[in-house]
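Below: one structure, written as structure tokens.
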């Protein structure tokens, strides 16, 4: 691994080691609402930056065969424990990748990148373009990301310009075979790790491959 890989693994190992193992074990409500309208029938799914596995375990419970990816072995170990506890271990495959360096093989009916943010310098646009290439024909890519800063963010207090939904779509470099299903920036009430709440904005993107 190069220095960025080492820094990424070190940051996220420390992050998850210091976090309650139950935090993030529920699916992200923005994703569940989005897929309730748009998801294809359960098939194969790729969850990028899975964390403690809330989304991956939820998808597996619906019948998806999920490849859950994270750079943190601590996070992946907790996903494995959650999969065993909820009876979906046979539908969850764990893969450790620093996505700035390596990427899972194959294509999938659903690829999700939900709050795929990191303070470690990576080419996030390149990772998301690689995610698009991992979508099978007829499949769906979802990108859900912060479009504002919550008070508990590691970037709180910084002056950051967030991209618009249309800019996120443009950054994917999709060809004409893709259809944009969602590109919006709704507001919601978020709850932080210590129970604090705040009104935040998300970019919510869903694009379907023809």
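The values are calculated or read from the model by the stated rules, or taken from the named source; none is laboratory data. The structure displayed is predicted, hence computed values, not measured ones. Every residue, glycine among them, receives a Cβ derived from its backbone with ideal geometry; neighbour counts consider all protein chains shown.
The single condition among (1) more than 25 Å from residue 10 (Cα to Cα); (2) modelled with pLDDT under 90 that residue 208 does not meet is (2).
Exactly one residue out of 45, 56, 9 is at pLDDT 95 or above and part of a helix (DSSP H, G or I): that is 56. Among the residues making up segment 66-102, those that are surrounded by fewer than 18 Cβ atoms within 10 Å (Cβ to Cβ) and assigned to a loop (DSSP other than H, G, I, E, B) are 86, 87, 97, 101, 102.
Total residues in segment 155-178 satisfying the condition of being part of a loop (DSSP other than H, G, I, E, B), modelled with pLDDT of 95 or more and closer than 16 Å to residue 125 by Cβ: the figure is 4. Residue 63 - would you say it is crowded, with 24+ Cβ neighbours inside 10 Å, touching a residue at least 24 places away in the same chain (Cβ under 8 Å), at positive phi and part of a loop (DSSP other than H, G, I, E, B)? So residue 63 fails the test.
Of all the numbered requirements in (1) under 24 Å from residue 168 (Cα atoms); (2) surrounded by fewer than 23 Cβ atoms within 10 Å (Cβ to Cβ); (3) at pLDDT 95 or above; (4) more than 14 Å from the chain's Cα centre (by Cα), residue 40 misses one, and that requirement is (3).
Would you confirm whether or not segment 135-154 contains a residue that is out of contact with any helix residue (DSSP H, G or I) (no Cβ under 9 Å at 6 or more places or on another chain), surrounded by 14 or more Cβ atoms within 10 Å (Cβ to Cβ), at pLDDT 95 or above and assigned to a loop (DSSP other than H, G, I, E, B)? Checked against the condition, which is being out of contact with any helix residue (DSSP H, G or I) (no Cβ under 9 Å at 6 or more places or on another chain), surrounded by 14 or more Cβ atoms within 10 Å (Cβ to Cβ), at pLDDT 95 or above and assigned to a loop (DSSP other than H, G, I, E, B), segment 135-154 yields no hits at all.
Within segment 189-210, which residues are in contact (Cβ under 8 Å) with a residue 60 or more places away in the chain and closer than 22 Å to residue 141 by Cα? Within segment 189-210, 202, 203, 204, 205, 206, 207, 208, 209, 210 qualify.
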